[in-house]
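Written below as C-alpha cells is the structure these notes are about.
The values are calculated or read from the model by the stated rules, or taken from the named source; none is laboratory data. Being a predicted model, the structure only gives us computed values, none of them experimental. So basically every Cβ, Gly included, is an ideal-geometry build from the backbone, and we count neighbours across all protein chains shown.
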C-alpha cells in the first residue's frame, strides 16, 4: 500500500550503551549473534561492529533474545562469499536514548545509487559497464530556527560538534521503519527567505546502508 511522508517521525540516537562483545555470527537469512550476557531485549535497536565489512556499522532491530544470543531481524548473512563463516565477530552497542526531531521540513535524500565504471579492453571496439558499488547516502533537512534550546536542536548540535556515532530512525504513520547509522552535520547559520520560516540546516552522513522494516 502506497504512503506519503506526512506524519513521519525522524529520531536520532543520543546515547549508545557500552559495547557488548560478539564472539560469532551465524550465516542465516536472519543472523544469530552469540554474545555472552549481552542484556538486550526484543525490539532493541543495536549498532553492529563486525569483521564482516558488509555488516559492519549496520543497525538492526533485535528479536529472538536468549541469555547469550539474539537475532538480527532482516540481517541476511547467507552468502558465504560476502560473509566468510566464522569471521563475523565484533561488538554491538544498543541505542539507549532517542530524541525526536520536531518542526523539521524539506527532507531530501541523495545517494544510494549504483556506481558504474566504463571499461574498454584493447582488443574490443566496444566499452562495457561494470558495477562498482553504491554512492554514499546523505539526508538533508531544515529545522525551524526558533527550536534553539529544545532537546531536538541541542541533540543535533551536540552530535555535530562531537562527531559522535548515531543511528537515524524514521517511523512512518503506517508503522514502517528505517534505520541508518550516520554522522550529523548541523549548520546553525540562519537561512532567511522572504515569505518563509527562518530555518537552520542539518545533514545526516550515512556510514552504511539503511535497514528497512515493513509496517
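Would you confirm, using the coordinates I've provided, whether residue 145 is surrounded by 15 or more Cβ atoms within 10 Å (Cβ to Cβ), under 24 Å from the mean Cα position of the chain (by Cα) and in contact (Cβ under 8 Å) with a residue 40 or more places away in the chain? Can you show your working first?
Values: surrounded by 15 or more Cβ atoms within 10 Å (Cβ to Cβ): yes; under 24 Å from the mean Cα position of the chain (by Cα): no; in contact (Cβ under 8 Å) with a residue 40 or more places away in the chain: yes.
Criteria not met by residue 145.
Tally the residues that are in contact (Cβ under 8 Å) with a residue 24 or more places away in the chain, in a loop (DSSP other than H, G, I, E, B) and exposed (fewer than 14 other Cβ atoms within 10 Å of the Cβ), restricting the search to the range 175-215. It would help to see each step written out before you state the result.
If we filter the range 175-215 for residues that are in contact (Cβ under 8 Å) with a residue 24 or more places away in the chain, which is where we start, we get 175-186, 188, 190-191, 197-215.
Checking the rest, the ones that are also in a loop (DSSP other than H, G, I, E, B) come to 175-176, 197-198, 207-210, 214-215.
In the following step, the residues that additionally are exposed (fewer than 14 other Cβ atoms within 10 Å of the Cβ) were identified as 175, 198, 214-215.
Final tally of qualifying residues: 4.
Considering the range 33-45 alone, what residues qualify as being buried (at least 18 other Cβ atoms within 10 Å of the Cβ) and either at pLDDT below 95 or closer than 25 Å to residue 79 by Cα (or both)?
First pass over the range 33-45, keeping only residues buried (at least 18 other Cβ atoms within 10 Å of the Cβ): 33, 35, 38, 40, 44-45.
Hits for the range 33-45 are 33, 35, 45.
Please find, within the range 70-112, the residue that is farthest from residue 19 (Cα to Cα) out of those that are touching a helix residue (DSSP H, G or I) at 6+ places or on another chain (Cβ under 6 Å) and surrounded by 17 or more Cβ atoms within 10 Å (Cβ to Cβ).
Top of the filtered list is 101.
When you scan the range 46-126 for strands (runs of 3 or more DSSP E) that lie fully inside it, which ones turn up with 1 or more residues that are closer than 29 Å to residue 215 by Cα and either modelled with pLDDT under 95 or in the same structural domain as residue 28 (by TED's automatic domain parsing) (or both)?
Working: elements: 58-66, 69-73, 90-100, 104-110, 114-119.
Ranges flagged: 58-66, 69-73, 90-100, 114-119.
Tally the residues that are outside any strand (DSSP E or B) and more than 19 Å from residue 103 (Cβ to Cβ), restricting the search to the range 5-23. Walk me through it before giving the result.
Taking the range 5-23 and keeping what is outside any strand (DSSP E or B), we get 5-8, 17-19, 23.
Going one step further and asking which of them are more than 19 Å from residue 103 (Cβ to Cβ), we end up with 17-19, 23.
Here the count works out to 4.
Conditions (1) over 19 Å from residue 13 (Cα atoms); (2) touching a strand residue (DSSP E or B) at 6+ places or on another chain (Cβ under 8 Å), marked per residue:
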position	(1), (2)
100	no, yes
106	yes, yes
117	yes, yes
132	yes, yes
155	no, yes
193	yes, no
204	no, yes
211	no, yes
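Can we say residue 115 is surrounded by fewer than 19 Cβ atoms within 10 Å (Cβ to Cβ), under 16 Å from the mean Cα position of the chain (by Cα) and without any contact (Cβ under 8 Å) to a residue 60 or more places away in the chain?
Numbers: surrounded by fewer than 19 Cβ atoms within 10 Å (Cβ to Cβ): yes; under 16 Å from the mean Cα position of the chain (by Cα): no; without any contact (Cβ under 8 Å) to a residue 60 or more places away in the chain: yes.
Spelling it out, it is not the case that residue 115 is surrounded by fewer than 19 Cβ atoms within 10 Å (Cβ to Cβ), under 16 Å from the mean Cα position of the chain (by Cα) and without any contact (Cβ under 8 Å) to a residue 60 or more places away in the chain.
Residue 156 is checked against (1) assigned to a loop (DSSP other than H, G, I, E, B); (2) modelled with pLDDT of 95 or more; (3) on the phi < 0 side of the Ramachandran plot and fails just one. What number does that condition carry?
(1)
Quick one: would you say residue 132 is farther than 23 Å from residue 199 by Cα and either part of a loop (DSSP other than H, G, I, E, B) or outside the structural domain of residue 17 (by TED's automatic domain parsing) (or both)? First the steps, then the outcome.
On the way: farther than 23 Å from residue 199 by Cα: yes; either part of a loop (DSSP other than H, G, I, E, B) or outside the structural domain of residue 17 (by TED's automatic domain parsing) (or both): yes.
Yes; evaluated as a whole, the condition is true for this residue.
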